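**Student:** The structure that follows is given in the form of structure tokens.
The values are calculated or read from the model by the stated rules, or taken from the named source; none is laboratory data. Quick caveat: nothing in here was measured; it's all calculated off a predicted structure. Quick reminder, even Gly has a Cβ in these numbers, built from the backbone with ideal geometry, and neighbours come from all protein chains shown. Please note that ligands, DNA and RNA were not included when accessible areas were found on the heavy atoms of the full protein model with its side chains. Shrake-Rupley method; radii C 1.70, N 1.55, O 1.52, S 1.80 Å.
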Amino acid sequence: MSYLSIEGLQVGYGEKVIVPDLTLGIPQGKITALIGPNGCGKSTLLKAMARILTPQRGKVRLQGEDVHRMDSRQLARQLALLPQASITPDGVSVAELVGYGRAPWRSRWGRLSREDSTIVQQSLAQVGLTEFADQPAAALSGGQRQRAWIAMILAQQTDLVLLDEPTTWLDIAHQIELLKLMRSLNLAGKTIVVVLHDLNQACRYCDELVVLKQGQLQQQGSPAEVFTAELVRQVFDLDAKIYPDPVSDTPTLVPM
Amino acid sequence: MYPRLTFWLLPALLLVAALSGLLLGSLDWRTVQASSADIVTDLRLSRVLLAILAGAGLGLSGALTQAVVRNPLASPDLIGVTAGAGLAATTLMLLWPDLAFGWLIPAAIIGALLAVLVMLALVGRGTLNPSRLVLVGIALSSWLAALTDWLLVSHPQKVNMALVWLTGSLWGRGWDHVWILLPWLLVLVPLALMLSLRLDLLALGDEAAEGLGANVRRSRLLALLLAVAMAAVSVAVCGAISFVGLVAPHLARLLVGGAHHRLLPVTAMVGALLVLVSDIAARTLLAPIELPAGVLTALIGAPYFLFLLTRYRGW
């Protein structure tokens with residue numbers, strides 16, 4: 001049994017089925033990228049894992065337990081989500097935003113304990129935002145803001161982290177910074193599942209690729225095993241050549 | 001944002017306003033002392049307390065509504081709560097005038113709840129789009145107000161009481177009303193404060209809130225019910241004192257920011273202060289003529305609302 005297993009999952013929005021019948025397993029301690037063309041169901045799958053969407057059929061099991069039957073707070077201690085469209089509210093400091101990551105651990109009254117505050121400080125330090133702690137979160141730049149949200153997820157102290165297109169609004173330097181941060185979280189012991197659009201980044205910064213097309217699993221495995229010109233043509237309908245990346249030796253796509 | 005200063009200054013201001021509420025009125029102080037009736041404790045103290053309670057209730061209701069629909073333009077006035085409560089209470093007052101005043105509160109709550117349900121059905125599930133919400137709210141409120149007017153016109157002999165009530169006034173209210181409003185708010189206000197963290201999480205967006213372990217649907221429903229109940233009880237006792245629910249949370253947000261464990265208590269205090277000051281002004285500006293407090297809050301509130309519209313870029 002895998003760490004996170006998807007069993008006969010059917011999920012979609014209302015009447016519309018995006019993922020008809022999917023079974024796969026996500027390994028523990030690795031970075032797994034969900035890739036595929038627009039509308040292939042990668043974000044939908046991630047949302048089903050995070051319980052944002054309820055499956056029409058099938059199950060998502062985390063270490064054997066059905067996540068859709070678990071208590072919200074209990075689940076939030078094991079699984080964190082960085083949503084694609086996050087709202088940074090006005091009039092809340094960076095430290096307060098990161099403190100919301102402690103929500104599943106706080107008492108019902110919602111006060112931060114001393115231990116919570118220490119964890120918030122550590123999380124801020126880990127993403128390099130310590131000096132911004134007391135500034136309003138809404139005033140941060142795009143890259144800083146994304147790091148503040150990562151810090152919030154760190155403060156949540158979960159073993160599993162789901163990231164929904166975390167690089168979308170960032171320039172290239174901040175994208176790479178975020179992907180490196182993702183690797184350092186993984187080295188600290190977290191299992192990560194991430195939806196990525198950039199295939200070269202997925203190959204370079206992830207251990208495992210899950211390739212989806214029209215809600216079906218096409219391939220799963222390490223980039224070196226599965227990322228071929230044949231796969232790119234089949235899944236993205238794109239003629240391309242695959243070369244080894246000169247820096248990391250991982251596969252790199254060059255379109256024809 | 002000035003959280004420290006606010007938590008010192010607001011209670012002090014409230015105390016000063018409450019004292020002026022006891023001292024000021026249509027009668028000057030010497031006449032008050034000479035009079036045999038106990039004007040200060042019988043009339044003015046109960047009125048000051050009512051203004052504080054109703055203002056706090058309306059303000060909190062506004063803050064909760066804004067958190068639920070994640071839209072700074074939302075308020076109980078705008079989404080039909082006040083109009084719904086108004087219609088229900090007017091119906092009761094005009095058709096069954098012999099019924100005890102205590103019935104007005106449950107009737108107002110039911111009216112407010114029905115109005116919100118109709119509005120949610122009209123807006124459509126899941127899409128709490130700001131402009132749509134505001135437009136539907138305005139249409140629904142005018143429709144309910146039209147029904148209320150129709151009732152008033154068709155029962156001309158009993159219209160006075162209802163009219164005074166509808167403009168929002170503390171005129172003729174006394175200790176009976178304090179004892180009706182107080183227990184409701186003693187239950188509802190702590191419940192609202194307990195929701196602080198969950199409201200903070202809702203502000204991050206549904207997906208993030210769910211990811212942090214907040215049950216989004218349940219939190220939102222609970223907050224909406226509390227908002228409706230608080231607006232309805234306040235409206236039931238003091239009538240439709242307009243714009244407090246919209247303005248108080250905004251002023252509070254300017255003072256202490258968006259974290260609800262600070263925002264909610266400050267909103268309650270700002271709301272209380274607004275209604276209290278409006279009521280004192282209403283009693284003294286044109287004394288011995290008395291203006292309804294709701295007229296004054298609208299005089300201040302409506303321009304402020306227009307100012308907010310020019311600043312809001314959500315659509």
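**Student:** Would you work out which of B:Leu45, B:Leu308, B:Ala18 lies farthest towards the positive end of the dipole of chain B? Charges go on Cβ: Lys and Arg +1, Asp and Glu -1.
**Tutor:** Among B:Leu45, B:Leu308, B:Ala18, the one farthest towards the positive end of the dipole of chain B is B:Leu308.
**Student:** Work out the length of the dipole vector of region B:3-309 about its Cα centre, built from +1 on the beta-carbon of each Lys and Arg and -1 on the beta-carbon of each Asp and Glu, and round it to the nearest 20 debye.
**Tutor:** Dipole about the Cα centre, nearest 20: 500 debye.
**Student:** Per residue of B:190-201, count partner chain C-beta atoms within 10 Å of its C-beta, then hand back the mean as an integer.
**Tutor:** 3
**Student:** In addition: Hey, any idea what % of region B:3-309's accessible area is carbon plus sulfur with a 1.4 Å probe?
**Tutor:** With neighbouring chains kept in place, the figure for region B:3-309 is 74 percent.
**Student:** Another one. Could you order the peptides B:238-248, A:131-141, A:147-157 from most to least packed, using the average number of other C-beta atoms within 10 Å per residue?
**Tutor:** Answer by packing, highest mean first, reads B:238-248, A:147-157, A:131-141.
**Student:** Okay, moving on. Could you state the accessible area per residue of chain B in Å², with a 1.4 Å probe and every protein chain left in place?
**Tutor:** 44
**Student:** Please list, in order along region A:176-193, the HN-Hα scalar couplings obtained from phi with the Karplus expression 6.51 cos²θ - 1.76 cosθ + 1.60 (θ = phi - 60°), rounded to whole Hz, x for Gly and Pro.
**Tutor:** Those phi angles translate into 5, 4, 5, 5, 5, 4, 4, 5, 5, 5, 5, 5, 7, x, 8, 8, 10, 10 Hz.
**Student:** Once you charge only the Cβ atoms, +1 for Lys and Arg and -1 for Asp and Glu, what is the size of the charge dipole of the protein assembly as shown about its Cα centre, to the nearest 20 debye?
**Tutor:** Roughly 520 debye, rounded to the nearest 20.
**Student:** On a straight-distance basis, which aspartates and glutamates could pair with A:Lys42 in a cross-link, Cα separation under 12 angstrom, same-chain partners fewer than 8 positions away excluded?
**Tutor:** A:Asp164, A:Glu165
**Student:** Still on this model: Using the structure shown, select from A:Lys59/A:Lys180; A:Lys59/A:Lys241; A:Lys47/A:Lys241; A:Lys190/A:Lys241; A:Lys59/A:Lys190; A:Lys190/A:Lys213 the pairs with a Cα to Cα distance greater than 30 angstrom.
**Tutor:** Long pairs (Cα-Cα over 30 Å): A:Lys59/A:Lys180; A:Lys59/A:Lys241; A:Lys47/A:Lys241; A:Lys190/A:Lys241.
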